[in-house]
Amino acid sequence: MTLNKMFSRGWFCAVLCMILLFGNSAYSQSRNRYVTKYQETAIALMNETGIPASVILGIAMLESGMGTSKNARLLHNHFGIVGSNKLHKKKGVTYRSRYREFASDDASFQYFAKMVMKKRYYSKMKGDAKYKDWLKHMNNSGYSAAGREWERRVGGMISRYKLYKLDEQMAYSKK
């Protein structure tokens with residue numbers, strides 16, 4: 001092997017390592033920004049509805065790609081909620097979507113909470129901070145077409161980013 005080949009491979013490895021390091025750092029920053037931006041909204045909804053903030057934020061993080069998906073950016077839809085939108089009427093937007101458009105990010109979070117509150121399991125679960133139980137009930141009620149995989153991925157988000165710590169602030173009292 002020539003010195004030239006070793007040198008070029010070394011540079012290739014160094015560049016690849018830097019890309020992975022900075023890419024992971026950018027992902028981490030994206031996650032931190034997302035959690036920081038929406039944790040107060042999730043906590044307020046938790047205390048208002050009894051749905052754990054970890055569940056609200058974990059689902060939003062997964063469904064919106066931590067706020068980077070086109071649905072989150074263009075439609076303020078952080079939960080993959082299907083419905084009508086007016087993207088086709090906006091000048092310069094060529095993206096088409098079957099997902100609902102919301103006036104704001106907060107409106108998306110509010111709608112999600114109201115949707116969960118209408119489910120049969122809600123009255124039994126409200127005020128309970130066990131996020132795994134919430135995800136199981138949501139999955140069993142057909143929240144996501146991905147089934148157990150969705151439950152595993154959201155649970156992984158909650159666990160990996162320690163979102164369950166937000167649930168310690170639950171002030172909701174069962175009524």
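The values are calculated or read from the model by the stated rules, or taken from the named source; none is laboratory data. Remember, it's a predicted structure, so these values are computed and weren't measured experimentally. A quick note on method: Cβ atoms are made from the backbone with ideal geometry, for glycine too, and the neighbour counts reach across all protein chains shown. Surface areas here come from the heavy atoms of the whole protein model, side chains and all, with no ligands, DNA or RNA. Shrake-Rupley method; radii C 1.70, N 1.55, O 1.52, S 1.80 Å.
Number of residues in region 112-125 that are part of a loop (DSSP other than H, G, I, E, B) and either at pLDDT below 95 or farther than 19 Å from ALA60 by Cα (or both) equals 2.
In region 70-110, the residue that is farthest from the chain's Cα centre (by Cα) out of those that are in a loop (DSSP other than H, G, I, E, B) and closer than 24 Å to TYR164 by Cα is ILE81. Is there a residue being free of Cβ contacts under 8 Å to residues at least 60 places away in the same chain, small (Gly, Ala, Ser) and touching a Phe, Trp or Tyr at 6+ places or on another chain (Cβ under 6 Å) anywhere in region 64-79? Yes; the residues of region 64-79 include at least one that is free of Cβ contacts under 8 Å to residues at least 60 places away in the same chain, small (Gly, Ala, Ser) and touching a Phe, Trp or Tyr at 6+ places or on another chain (Cβ under 6 Å).
Count of region 141-153 residues, restricted to those that are surrounded by fewer than 18 Cβ atoms within 10 Å (Cβ to Cβ) and without any contact (Cβ under 8 Å) to a residue 12 or more places away in the chain, is 7.
Of all residues in region 103-121, those that are open to solvent by less than 20 Å² (accessible area, probe 1.4 Å), aromatic (Phe, Trp, Tyr) and either under 15 Å from TYR143 (Cβ atoms) or without any contact (Cβ under 8 Å) to a residue 60 or more places away in the chain (or both) total 1.
The set of residues in region 46-66 that are out of contact with any Gly (no Cβ under 9 Å at 6 or more places or on another chain), open to solvent by less than 20 Å² (accessible area, probe 1.4 Å) and closer than 27 Å to SER97 by Cα comprises VAL55, ILE56, LEU57, MET66. Is it the case, given these coordinates, that ASN85 is buried (at least 17 other Cβ atoms within 10 Å of the Cβ), modelled with pLDDT under 95 and in contact with a strand residue (DSSP E or B) (Cβ under 8 Å, 6 or more places away or on another chain)? Considered against the rule, which asks whether it is buried (at least 17 other Cβ atoms within 10 Å of the Cβ), modelled with pLDDT under 95 and in contact with a strand residue (DSSP E or B) (Cβ under 8 Å, 6 or more places away or on another chain), ASN85 comes out as yes.
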